[in-house]
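The values are calculated or read from the model by the stated rules, or taken from the named source; none is laboratory data. Just so you know, these numbers come straight off a predicted model, no measurement behind them. Cβ coordinates were reconstructed from backbone atoms using ideal geometry, including for glycine residues, and neighbour counts include every protein chain displayed.
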There are 2 protein chains.
Amino acid sequence: MAEKPQVLRETDDAARKLARLVFREQRSAAIGVLEPVSDGFPFVSRALLGFDIDAVPIILASQLATHTQALLADARCSVLAGRSGKGDPLAHARITVQCRAEPIARTDLRHARLRERFLRRHPKAQLYIDFPDFLFFRLNPLRASLNAGFGRAYALTGDDLLISSAAMEAIAAAEHALLAELNSNKDALSYFLGEERSDVTPAWQVTAVDAEGIDLVQGDAFRRADFPREVENPDDVRAMFVKLYR
Amino acid sequence: MAEKPQVLRETDDAARKLARLVFREQRSAAIGVLEPVSDGFPFVSRALLGFDIDAVPIILASQLATHTQALLADARCSVLAGRSGKGDPLAHARITVQCRAEPIARTDLRHARLRERFLRRHPKAQLYIDFPDFLFFRLNPLRASLNAGFGRAYALTGDDLLISSAAMEAIAAAEHALLAELNSNKDALSYFLGEERSDVTPAWQVTAVDAEGIDLVQGDAFRRADFPREVENPDDVRAMFVKLYR
């Protein structure tokens, strides 16, 4: 990381939480790679952004695309994702995550999980996700830089963005059932979204569950809602969403 | 450039025109650089996007920022800029431009022009543009890749994006006067915007003039309007906007 003590603030839990939210709630990202045919010239392209159950970002890429060829030759990459909207683009929070890309073969045990998580977040990818030239990468975060607006820059570790839980595999195995239960429980959704129950339309859908919270989508909007505490097993998720919102 | 004959279409004038528009009309971009302190690891960050009179993209960067330190150590960089909006982010046109960055010192004769062009496009940069650690870069385009949506990829040269005109310096010298005349001529603006005259509100402001057209801004929206033909001198610009819209 570049040393820039003059502009970096001390990284606290609020910054870590904001970094996770800003990253997680984006639909697409800019991916920077080193182009092999030009001796490592930077190349930045747009990709849809997904997340595995441990919060590692995932992308789906055609092997015909420059960024795929680059990642297969040199796994170092950088992901920029951030909020946008009215007014100055530099006033909106964004995060740069430097990662090491890991291609996930169809024979990999994690492939089915990545495919389902990605499709729930990006249903239109159904059109090409199974084409033989398409490939998933897990982009394992090494370090990150959060810019929360002018003069509000923070350095983060890769671990600051990740979910580490002994219950990960059990929750992954139970994810289908948990999603069905959550999506039929409007009161639980409104609790997790922190909204008045009347504001929660049926259009909000939970697309993913992990040990720390849930991902939701409504139209073009992605939301992340954290559980009040890390859960220890799938039944703990259930206990949380049937009890805690009362 | 990566060889990807299966996905590249033949580059025609329509693709060149779209590439210029998509690039020129963006307010900010993702800049990918090679981070020196980590042996050239890619780093992507958000920057406001401006353009010099020859259409070379310009950025204003703090010397405390990672991308500035990187560009001063290795001038190779990549700029991703593109449209966004409702629906799938991959359905919206975007362009990757690979560039060689050239720092522009305050003593450089081009500095005042860059400063004024940048400020007209990004008035809020007034707050920090003259801070001693801030620096302009011209990002000279070497080659580009336009992605106009699924299956619509084109390779472009740097020259495809640039404006080459013998009248450049004369137009630059006359730009202040031309801007004042254009911004007071609502009929000319409506002609160049291709809109019914009644649709042109006074909020549209011309921020730049060059040999091929004008840049306009209204609130957060940037527009580019090309002249019907390249102009040969400042009076030719005047002749165009007082006559052609009739």
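Criterion applied to A:Ala91, A:Ala112, A:Ala125, A:Ala105 was being touching a residue at least 60 places away in the same chain (Cβ under 8 Å) and over 14 Å from the mean Cα position of the chain (by Cα), and the one residue passing it is A:Ala125. If you go through the stretch B:105-161 and keep only what is buried (at least 16 other Cβ atoms within 10 Å of the Cβ), among the aliphatic types (A, V, I, L, M) and part of a helix (DSSP H, G or I), you end up with B:Leu114, B:Leu119, B:Ala125, B:Leu161.
What about A:Glu175, is it surrounded by 19 or more Cβ atoms within 10 Å (Cβ to Cβ), within 27 Å of A:Glu232 (Cβ to Cβ), under 20 Å from the mean Cα position of the chain (by Cα) and among the acidic types (Asp, Glu)? Answer is yes for this residue.
Results for (1) touching a residue at least 24 places away in the same chain (Cβ under 8 Å); (2) in the same structural domain as B:Ile31 (by TED's automatic domain parsing); (3) in contact with a Cys (Cβ under 8 Å, 6 or more places away or on another chain), shown as yes or no for each residue.
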site: B:Pro132; (1), (2), (3): no, yes, no
site: B:Leu139; (1), (2), (3): yes, yes, yes
site: B:Leu146; (1), (2), (3): yes, yes, no
site: B:Phe150; (1), (2), (3): yes, yes, no
site: B:Thr157; (1), (2), (3): no, yes, no
site: B:Glu175; (1), (2), (3): yes, no, no
site: B:Leu182; (1), (2), (3): yes, no, no
site: B:Asp187; (1), (2), (3): yes, no, no
site: B:Phe192; (1), (2), (3): yes, no, no
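Of the residues that sit in the stretch A:8-31 and are among the polar types (S, T, N, Q) and under 23 Å from A:Arg152 (Cβ atoms), which one is nearest to the other protein chains (Cβ to nearest Cβ)? This residue is A:Gln26. Evaluated against (1) more than 19 Å from the chain's Cα centre (by Cα); (2) more than 9 Å from chain B (Cβ to nearest Cβ); (3) farther than 21 Å from A:Ala125 by Cβ, A:Gln63 falls short on exactly one condition, (3).
Filtering the stretch B:22-72 to residues that are under 21 Å from A:Ala144 (Cβ atoms) and in a helix (DSSP H, G or I) leaves B:Pro36, B:Val37, B:Ser38, B:Thr66, B:His67, B:Thr68, B:Gln69, B:Ala70, B:Leu71. For the criterion of being out of contact with any helix residue (DSSP H, G or I) (no Cβ under 7 Å at 6 or more places or on another chain) and not assigned by TED's automatic domain parsing to the domain that holds A:Val231, A:Pro89 passes. If we scan the stretch A:45-65, do we find a residue that is among the acidic types (Asp, Glu) and either touching a residue at least 60 places away in the same chain (Cβ under 8 Å) or buried (at least 19 other Cβ atoms within 10 Å of the Cβ) (or both)? Scanning the stretch A:45-65, I find at least one residue that is among the acidic types (Asp, Glu) and either touching a residue at least 60 places away in the same chain (Cβ under 8 Å) or buried (at least 19 other Cβ atoms within 10 Å of the Cβ) (or both), so the answer is yes. Report yes if some residue within the stretch A:32-40 is of a type in the set (A, V, I, L, M) and either more than 9 Å from chain B (Cβ to nearest Cβ) or buried (at least 17 other Cβ atoms within 10 Å of the Cβ) (or both); otherwise report no. Scanning the stretch A:32-40, I find at least one residue that is of a type in the set (A, V, I, L, M) and either more than 9 Å from chain B (Cβ to nearest Cβ) or buried (at least 17 other Cβ atoms within 10 Å of the Cβ) (or both), so the answer is yes.
Can you tell me which residue is modelled with the lowest pLDDT among those in the stretch A:166-184 that are out of contact with any Asp or Glu (no Cβ under 6 Å at 6 or more places or on another chain) and assigned to a loop (DSSP other than H, G, I, E, B)? Out of the qualifying residues, it is A:Ser184. All of (1) in contact with a Leu (Cβ under 8 Å, 6 or more places away or on another chain); (2) at the interface with chain B (Cβ under 10 Å from one of its Cβ atoms); (3) under 27 Å from A:Asp220 (Cβ atoms) hold for A:Leu135 with one exception: (2). Considering only residues in the stretch A:67-94 that are surrounded by fewer than 24 Cβ atoms within 10 Å (Cβ to Cβ) and among the polar types (S, T, N, Q), the one that is farthest from the other protein chains (Cβ to nearest Cβ) turns out to be A:Ser84.
Evaluating B:Gly85 against the criteria (1) part of a helix (DSSP H, G or I); (2) modelled with pLDDT under 95; (3) not polar (S, T, N, Q) leaves one unmet condition, (1).
Just give me the residues in the stretch B:151-168 being over 11 Å from B:Arg9 (Cα atoms) and either of a type in the set (Ser, Thr, Tyr) or in contact with a Phe, Trp or Tyr (Cβ under 8 Å, 6 or more places away or on another chain) (or both), in sequence order. Once the filter is applied, which keeps residues that are over 11 Å from B:Arg9 (Cα atoms) and either of a type in the set (Ser, Thr, Tyr) or in contact with a Phe, Trp or Tyr (Cβ under 8 Å, 6 or more places away or on another chain) (or both), the stretch B:151-168 yields B:Thr157, B:Leu161, B:Ser164, B:Ser165.
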